[in-house]
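Working notes, structure below.
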Amino acid sequence: MKYYDPDRSVDPKEWMDLDEDRRIHLIRQYHRRRRLKLPNANLHAVIHCIVESQVALGEELPAQKTLARLLEEGLNRHDAIHAMGSVLADHLFNLMKTKSRGPDVQAEYNRKLEELTAEQWLDYFSKEAEDD
């Protein structure tokens, strides 16, 4: 894989065959080519990478189904990856600030992905834009 484009599906095998550093590099390259200004380009690329990898795992996780549903609900693929990434980032933040962990933190994350809607993401995104 020479280029990454979040608006195009990646081949799961090809994606998973790449070294994680290469995946992150490709994602950062995409954002640089588009001249997108990000508060933290490294963290942004890592979150993209994790979500894409979860999608590539197929039915092991709800990520693939969540992505398909968000696309059906009207998000473009890049926005859907961001929406899923926001759930991941929120989940990781909550894990870091909470000393006690439930019996299955993966199940909690899976549930949050399954509950995510395009409408929630668009509402969140529009509120963020208002705050700028």
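The values are calculated or read from the model by the stated rules, or taken from the named source; none is laboratory data. Keep in mind that what you see is a predicted model, and the values were worked out from it rather than measured. Don't worry about glycine lacking a Cβ; one is built from the backbone with ideal geometry, like all the others, and counts go over all protein chains shown. Surface accessibility is based on the protein's heavy atoms, side chains included, excluding ligands, DNA and RNA. Shrake-Rupley method; radii C 1.70, N 1.55, O 1.52, S 1.80 Å.
What to note about this one:
- Of all residues in segment 8-22, those that are of a type in the set (S, T, N, Q) have Cβ atoms under 8 Å from Cβ atoms of residues that are part of a helix (DSSP H, G or I) and open to solvent by less than 80 Å² (accessible area, probe 1.4 Å), 6 or more apart or on another chain, in 9/77.
- Of all residues in segment 101-113, those that are aromatic (Phe, Trp, Tyr) have Cβ atoms under 7 Å from Cβ atoms of residues that are open to solvent by less than 50 Å² (accessible area, probe 1.4 Å), 6 or more apart or on another chain, in 109/91.
- Selection of segment 9-46 for residues being charged (D, E, K, R) and out of contact with any helix residue (DSSP H, G or I) (no Cβ under 7 Å at 6 or more places or on another chain) yields 11, 13, 14, 17, 19, 21, 22, 32, 33, 34, 35, 37.
- Those helices (runs of 4 or more DSSP H) of segment 12-95 in which at least 2 residues are crowded, with 18+ Cβ neighbours inside 10 Å, considering only elements entirely within it, cover 20-33, 41-56, 63-72.
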